[in-house]
Amino acid sequence: MTKAIRIHEHGGPEVLKWEDVEVGEPGPGEVFVRHTAIGLNFVDTYHRTGQMKHPVTFPMILGVQGVGVVEATGPDAGSLKTGDRVSYSGLQGSYSEVRLAHADRLIVLPDDISDELAAAAFLRTLTAEYLLRRLHKVEPGETILVHAAAGGAGQIICQWAKALGAVVIGTVGSDEKAELVKGLGVDHAIVYTRDDFAEKVMEITGGRGVPVVYDSVGRDTFMGSLDCLSPMGHAINYGTASGQVEPFPLQNLHKKSLTVTRPTLATYIASREDLEKASDTVFGVLRDGTVKVDISRRYALADTAQAHADLESRNTTGAMILEP
């Protein structure tokens, strides 16, 4: 027997239960992984509450990102071997001490990338990679808008975009967070709880607007995000921290010929080739200091309910990890 965090129904942090579970032997294409660090991401709260509307079977182990050591391999597990340090993103069930995982979704960690750094940064930096380099390729001199700039993903996007030569506007919830993101290179920090961010963006850009908005907040910000765009601009909603974007007439996009996208990381790393290429890029920017990750809080895996409550409070900054 081993321990894991499971839910038996959708709901608030109180539905997260620390329970005994059984894990079998690895089957074909599987490996047995003992976690050393586990990523805590806002998407985990969507799975807990049922916001994603995906069919699920209860009880369910939450979590989609983990780092650990391979302790056993099944048949056809490729080149993975016992003792390999591995990282993964997108495999449900990381809130556990040990697990079985599909070998083709695991990436062997370079020696100079620590377990904690991978747990804190792998999913978020993979997300930043496709957002900045593939979905909308940020060019030097572009002015971009990043919502929730002080969050775990927001900090990474802002740093990477700045390194690419962008002028970065970031929205935050407090003056303290504004100072934090300015230290990361954000050129203009807007405290959205006090100022109308769309008006501020137009003021900063001389009325031109921005070519792209990276919006992980959703319902509370997305219509305002459209107002921030320049003609032929791109509104990217990659998260829904405040809830799903409410339906709106497509005609609203007509006047400025706007484009709206609701992407997911899983699509951009679906193939093994894309996963490996993106991972190599991610390790590169973590290694050379383009992206620095602040691990702001660490929680014992058993205390995941408190971690979720803190994450949803919007009073946190940077990355948070769980320790098995």
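Restricting segment 269-304 to residues that are at pLDDT 95 or above and of a type in the set (Asp, Glu), the residue that is nearest to GLY170 (Cα to Cα) is ASP288.
On inspection, VAL191 fails the criterion of being at pLDDT 95 or above, buried (at least 17 other Cβ atoms within 10 Å of the Cβ) and over 17 Å from the mean Cα position of the chain (by Cα). When ASP310, ASP294 are screened for being under 19 Å from the mean Cα position of the chain (by Cα) and without any contact (Cβ under 8 Å) to a residue 24 or more places away in the chain, only ASP310 passes. Looking only at segment 68-90, residues that are over 19 Å from LYS277 (Cα atoms) and outside any loop (DSSP other than H, G, I, E, B) come to 6 in all.
Scan segment 98-119 and give yes if some residue there is over 14 Å from HIS35 (Cα atoms) and without any contact (Cβ under 8 Å) to a residue 12 or more places away in the chain, otherwise no. Within segment 98-119, one or more residues are over 14 Å from HIS35 (Cα atoms) and without any contact (Cβ under 8 Å) to a residue 12 or more places away in the chain.
Checking every residue in segment 305-315 against the condition of being in contact with a strand residue (DSSP E or B) (Cβ under 9 Å, 6 or more places away or on another chain) and farther than 23 Å from SER174 by Cβ gives at least one match.
Only a single criterion out of (1) touching a residue at least 40 places away in the same chain (Cβ under 8 Å); (2) assigned to a helix (DSSP H, G or I); (3) out of contact with any strand residue (DSSP E or B) (no Cβ under 9 Å at 6 or more places or on another chain) is not satisfied by GLN155, namely (3).
At least 2 residues being over 27 Å from VAL213 (Cβ atoms) and in the same structural domain as GLY66 (by TED's automatic domain parsing) is the threshold, and among the helices (runs of 4 or more DSSP H) wholly inside segment 242-324 those reaching it are 272-287, 304-312. Pick out the one residue from VAL201, VAL217, VAL186, VAL168 that is among the aliphatic types (A, V, I, L, M), part of a helix (DSSP H, G or I) and crowded, with 21+ Cβ neighbours inside 10 Å. Result of the check over VAL201, VAL217, VAL186, VAL168: VAL201. Cβ separations smaller than 7 Å between residues 6+ apart or across chains give the following pairs from segment 270-283 residues that are within 12 Å of THR127 (Cα to Cα) to residues that are in a loop (DSSP other than H, G, I, E, B): LEU275/ILE269; ALA278/ILE269.
The values are calculated or read from the model by the stated rules, or taken from the named source; none is laboratory data. Nothing here was measured: the structure is a model prediction, and the numbers come from that model. Don't worry about glycine lacking a Cβ; one is built from the backbone with ideal geometry, like all the others, and counts go over all protein chains shown.
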